Amino acid sequence: MAKTRVSTTVDATLLEQVRAVAPGSTDASLLEQAFRAFLAARRRADIDAAYLRAYAAHPFDEPDEWGDLESFGAAAAAS
């Protein structure tokens, strides 16, 4: 994997706290972990937004050839 040097400033207290809970880790590895966590959170938000758009376009109680999800959920909860 190609690496790129990043030079930035961060909150000193935040950096101390992160270093304290991850002793032995390099700042570079901590930054990479933070980037991965950020991207994962964005991906989860994108998926959630896609579900919201899908349910807005096709509400939970919209019937189709199989019935509707609202009735299915109620029946499943009752059993």
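The values are calculated or read from the model by the stated rules, or taken from the named source; none is laboratory data. Predicted, not measured: the structure shown is a model, and the values here were computed from it. Every residue, glycine as well, gets a Cβ built from its backbone with ideal geometry; the counts of neighbours run over all protein chains shown.
Quickly run through region 1-23 and pick out the residues that are farther than 14 Å from PHE35 by Cβ and either in contact with a strand residue (DSSP E or B) (Cβ under 6 Å, 6 or more places away or on another chain) or hydroxyl-bearing (Ser, Thr, Tyr) (or both).
Hits for region 1-23 are SER7, THR9, THR13.
Mind counting the residues in region 5-19 that are polar (S, T, N, Q) and modelled with pLDDT under 95? Explain how you work it out, then say what you get.
In the first step, residues of region 5-19 are kept if they are polar (S, T, N, Q); the result is 7-9, 13, 17.
Right, trim to modelled with pLDDT under 95 and you get 7-8.
So the answer is 2.
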Looking only at region 26-79, which residues are over 24 Å from the mean Cα position of the chain (by Cα) and surrounded by fewer than 10 Cβ atoms within 10 Å (Cβ to Cβ)?
-> ASP64, GLU65, TRP66, ALA76, ALA77, ALA78, SER79
Within region 6-25, restricting to residues that are surrounded by 11 or more Cβ atoms within 10 Å (Cβ to Cβ) and among the small types (Gly, Ala, Ser), the one that is nearest to the chain's Cα centre (by Cα) is ALA22
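Evaluate region 41-49: report whether one residue or more is touching a residue at least 24 places away in the same chain (Cβ under 8 Å) and closer than 30 Å to THR4 by Cα.
The first filter runs over region 41-49 and keeps only residues touching a residue at least 24 places away in the same chain (Cβ under 8 Å), leaving none.
So far as region 41-49 goes, no, none of its residues is touching a residue at least 24 places away in the same chain (Cβ under 8 Å) and closer than 30 Å to THR4 by Cα.
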Given the conditions (1) free of Cβ contacts under 8 Å to residues at least 24 places away in the same chain; (2) assigned to a helix (DSSP H, G or I), every one holds for MET1 apart from (2)
